[in-house]
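Below: the structure, in structure tokens.
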Amino acid sequence: MSAPAPPAPALTIGAAARRLGVAVETLRSWETRYGLGPREHVPGAHRRYSPADMERLERFCRLVGSGAAAPEAASAVLAGYEAADPPLPAPSSRSGGGHTLPVGRTGSAAARGLARSAIRLDTAQVLDLIEAAIEREGVVGAWENTIAPALLAVGRKWSESSGRYVEVEHMLSWCVAAALHRFRPALTSARASRRPAVILAAAPGEWHHLPLEVLGAELGRRGVPVCMLGAAVPTEALRAAVRRIEPSRVLVWSQTAATADPACLPAAGARARSATLPAGPGWLRARPPVPFVLTSLDAALEACLVDQSESRTAPNRRHDLVEED
């Protein structure tokens, strides 16, 4: 009979902070504010976190990562509440500072939780939260209500901190793409569906490709064949793809005005069956030679789904379609 495994060693405050992905100062503040410090302490000795202490802190982080305000999450943990799916307390309205990300007062609890998990570089929880949002709200709803606000918060944090937090943005972006790829059903081929594909491409120099990933996942869910070209597609490469597969639509995403060059769009008469769709906020002032531009994901999705016979006219006129003079 094998001997029982020795108990896990207690951790110093530095080791505990590293395991949780937070600063030592943050761990100390949790003890001061919420009473989440080591339960046992010998006077004159360094504080050490036992396995039970770490389990309690990890549960606290999971609740906060799910959108709970820190005081309510701490109260729930200290009360020993261990339900599999605890109801979330009301989110805190506190804006970001230090090691937090400001999602804004209109940000959802889910967006706040995602931002908090991202700042801790908790990849597993970030993936779980994104996938839960997709299952709860659908791809586009999860993007608009949860994912995009968290990404914007990361961008603000980066701009306000002299280039810090790049690692947070990279990790969060990877998790978004990974979750969307995991969600996306088996891709439908144009040959099998007897429908021409939709080409999704970002304008030359445009590295914001996640909106395209969202569109690709939702179109795939609806059985629309997609040819995803991704970020920063050179103009000649896009035109070669149009000639090769004769898509029904060519959607070119531009997030910023600097990348919204009308010259990168396929020529209007190059393929009679291919409608060109400039999409994204970057096109607002570029005035491309098309009847309208699509400034939201909802509008872009609708334009990709309209019947083939309507592909050269604007979909339902909405606030997020900007008609060109």
| Once you list every other residue whose beta carbon is under 12 Å from the beta carbon of G141, what net charge do they have if Lys and Arg are +1 and Asp and Glu are -1? | -4
| How many nm separate the modelled label positions at S75 and I245, each set 7 Å beyond the Cα in the direction of the Cβ? | 5.4 nm
| said: Nothing charged except the Cβ atoms of Lys and Arg (+1) and of Asp and Glu (-1): what's the magnitude of the dipole of the range 99-183 about its Cα centre? Round to the nearest 20 debye. | reply: 280 debye
| remark: If amide H atoms are modeled at 1.01 Å from N in the peptide plane, then the residues at a separation of 5 or more from E206, or on another chain, having amide H under 5 Å from its own are A232, V233
| Simple label model, 7 Å out from Cα along Cβ direction - V166 to R285, nm | 2.7 nm
| query | How many nm separate the modelled label positions at N145 and R39, each set 7 Å beyond the Cα in the direction of the Cβ? | reply | 3.8 nm
| field | For the range 138-154, Karplus couplings with θ = phi - 60° (6.51, -1.76, 1.60), whole Hz, Gly/Pro x | value | x, 5, 5, x, 5, 4, 6, 9, 10, 6, 4, x, 5, 5, 5, 5, 4
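Every number in this text was worked out from the coordinates using simple rules, so none of it is lab data. None of these values were measured; they are calculated from a predicted model. Please note: Cβ atoms are built from the backbone with ideal geometry, for glycine as well, and neighbour counts cover all protein chains shown.
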